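*Asks:* First the structure, which I've put down as structure tokens, then a few questions once you've had a look.
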């Protein structure tokens, strides 16, 4: 099977590509524009691992470039597409909304349009728990009203709405993936967990704890995510467009995560507490009932095991 993974040098894209190369015989094409939102060196290190497989091919492609995307689809004849490329960063979206419109909306549409034109069987695309906004109705369920409070979340809502309308007139299976705070090995350095680990081992690295540590997150281990996405490759829904929460359904307070990491590292970095930042969500807690029902996946990794794996990886790599 020919599979395309956009954002293959990114956190989830890399982990998924690595998982599929080790667990299947699929041929994987990975694309990424290698932008400098965070370390390009980290992205290249991820790619160096994937390139060890003869079944992996990397192309430096910007999904905003419609003609380039179409030529690639025409040549490769993909069966399955994972669109995991996106401009990330909730607070970054407030100051740089154009980047989110270009990548998360226009870029997504280019992938969707090419998937339809070249008869891809299934397109799975990254959405986000950010579409729910500051909802107080927990656990968050796929069918409830969504009301994003930042441009990043809004861009993902637009993706879902475009997919829903597109599904009415085209014979393609579309699956929206609402990811909830994915963490784990090779994590993004701009996210809380990697920032805290870096401050634990590098004294000159300041750590700012937003909202005085009162945030609550539905932490979802990246290897669980990969297993779920692999299962979704084989499953065909009766509906042309479906959306699933990808979450553990077990929210944990940030302060608890910090305490657990301190025990594992035997370090305690200096913390500077500050107010809730623009665009931030106080709490996420998703229902994973639907994804468990459709995939039969039930063995979610405990937060203690996931943290231990993540910390051990960081200590070994110090990236």
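We did not get these values from a lab; they are worked out from the coordinates using the rules stated. All values derive from a computational prediction rather than experimental measurement. Ideal geometry is used to build each Cβ from the backbone, glycine not excepted, and the neighbour counts take in all protein chains shown.
*Asks:* Restricting attention to region 117-147, which residues are farther than 19 Å from residue 241 by Cα and surrounded by fewer than 22 Cβ atoms within 10 Å (Cβ to Cβ)?
*Replies:* 133, 134, 135, 136, 137, 138, 139, 147
*Asks:* Something else now. Are there helices (runs of 4 or more DSSP H) fully within region 88-173 with at least 3 residues that are touching a helix residue (DSSP H, G or I) at 6+ places or on another chain (Cβ under 6 Å) and under 24 Å from residue 291 (Cβ atoms)? List them. Please lay out each step first, then the result.
*Replies:* Numbers: elements: 90-95, 97-100, 108-117, 151-167.
Here the list reads 151-167.
*Asks:* Within region 54-72, which residues are surrounded by 14 or more Cβ atoms within 10 Å (Cβ to Cβ) and in contact with a strand residue (DSSP E or B) (Cβ under 8 Å, 6 or more places away or on another chain)? Walk me through how you get there before you give the answer.
*Replies:* From region 54-72, those surrounded by 14 or more Cβ atoms within 10 Å (Cβ to Cβ) are 55-58, 61-66, 68-70, 72; that's our starting set.
Answer for region 54-72, where residues must be surrounded by 14 or more Cβ atoms within 10 Å (Cβ to Cβ) and in contact with a strand residue (DSSP E or B) (Cβ under 8 Å, 6 or more places away or on another chain): 55, 56, 57, 58, 61, 63, 72.
*Asks:* Within region 16-42, take every residue that is buried (at least 24 other Cβ atoms within 10 Å of the Cβ) and part of a helix (DSSP H, G or I) and give me the one that is farthest from the chain's Cα centre (by Cα).
*Replies:* Ranking the qualifying residues of region 16-42, first place goes to 20.
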